[in-house]
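The values are calculated or read from the model by the stated rules, or taken from the named source; none is laboratory data. Note that the structure is predicted; figures quoted are calculated from it, not measured. Please note: Cβ atoms are built from the backbone with ideal geometry, for glycine as well, and neighbour counts cover all protein chains shown.
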Ligand SMILES: Cc1ncc(COP(=O)(O)O)c(C=O)c1O
């Protein structure tokens, strides 16, 4: 049996009760609890300001998974089409496509960026076993994607692109292509459960808003097959408090991130995920090992350090999706075997980070090579 966890893999920190209280009292006094009330509208306006975009470019939703499904529905795609996506992703991405009436079609990722890139998507389109109705690139652990490249791809192929940017709150670039960000407690701007859709296309955001409320737009008659994806005023209250605290919270994450970058410069065989520490903060710290993660997990647990393979076996090997079509995915297979999530949260100390890096490096050295 492993000793008790001394350093957990995650210890979220959301706004404290006293920071949320003024917003809760405002709910008590105006008695608006949901349906695009004042807290949610203000949270959306402040999010747009935060991203440097116009009002009306951000819609909040109950979570990112529902947000992805909602955007697919907003695009009115032919049912039964394929949704091209990387196999290297969390279960939510293919689940959202299936809920949107599409079949996931998994492709490989670049070993450099860990992401599905426009050039890979072009090749996957040519090899597709059916009509590709949409493409859903995924930001790997919050790394930025090639937005300009995806805009060119969309223009050239006519296939709409929806970005799963679940962990990419910090540094999100908002363009016409819709991005969906998670506000789950495990993310950098966490509100418990929540998500946002961001796009500079106001028509898309308005349509998504309509479909997030049963398809109602100005009347109680459904104008499309909608769902209920509305964030409640309580979610909005936590969101407002979280945004007020964001500069301090981001600074804490930035310090933790820099400590990891410093700690791993001494261990070059272990690679931080692409983009980690390059001017933005992520929600997790995942590293690529030169050996199988299975060979070091036990040693880390024995030292009281919790680790997690955030994306498990990768989506194409999960029971729910293994029958979905795919290209060969050798890089994803390698990632699924060798990528490990390390403790990462805003109040992790420098000494803890050095201990994690040192313990991992020792475990890697002791592990038989692949
Ligand atoms: C890549 C990816 N997509 C989607 C999601 C789902 O986000 P949510 O929990 O807000 O539904 C996650 C959650 O971590 C994720 O990692």
Residue 47 vs. criteria modelled with pLDDT of 95 or more, surrounded by fewer than 22 Cβ atoms within 10 Å (Cβ to Cβ) and more than 12 Å from the ligand (Cβ to nearest atom)
no
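State whether the residues of the range 57-66 include one that is away from the ligand (no atom under 16 Å from the Cβ) and closer than 28 Å to residue 237 by Cβ.
yes
Given the residues 91, 79, 99, which is the only one that is surrounded by fewer than 21 Cβ atoms within 10 Å (Cβ to Cβ) and more than 15 Å from the ligand (Cβ to nearest atom)? Break it down stepwise before answering.
Details: 91 fails: more than 15 Å from the ligand (Cβ to nearest atom); 99 fails: more than 15 Å from the ligand (Cβ to nearest atom).
Result: 79 is the single residue among 91, 79, 99 that is surrounded by fewer than 21 Cβ atoms within 10 Å (Cβ to Cβ) and more than 15 Å from the ligand (Cβ to nearest atom).
This table checks each residue for (1) free of Cβ contacts under 8 Å to residues at least 40 places away in the same chain; (2) assigned to a strand (DSSP E or B); (3) within 14 Å of the ligand (Cβ to nearest atom).
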| site | (1), (2), (3) |
| --- | --- |
| 171 | no, no, no |
| 174 | no, no, no |
| 181 | no, yes, yes |
| 206 | no, no, no |
| 218 | yes, no, no |
| 231 | no, no, yes |
| 237 | no, no, no |
| 248 | yes, no, no |
| 252 | no, no, no |
Can you name the residue in the range 278-300 that is part of a loop (DSSP other than H, G, I, E, B) and within 17 Å of the chain's Cα centre (by Cα) and is also farthest from residue 190 (Cα to Cα) among such residues?
280
Filter result (touching a strand residue (DSSP E or B) at 6+ places or on another chain (Cβ under 9 Å), away from the ligand (no atom under 16 Å from the Cβ) and farther than 24 Å from residue 4 by Cβ) within the range 278-310:
288, 289, 290
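Conditions (1) crowded, with 18+ Cβ neighbours inside 10 Å; (2) touching a strand residue (DSSP E or B) at 6+ places or on another chain (Cβ under 8 Å); (3) modelled with pLDDT under 95; (4) not in a helix (DSSP H, G or I), marked per residue:
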residue	(1), (2), (3), (4)
312	no, no, yes, yes
316	yes, yes, no, no
321	yes, yes, no, yes
340	yes, yes, no, yes
344	yes, yes, no, yes
347	no, no, yes, yes
351	no, no, no, no
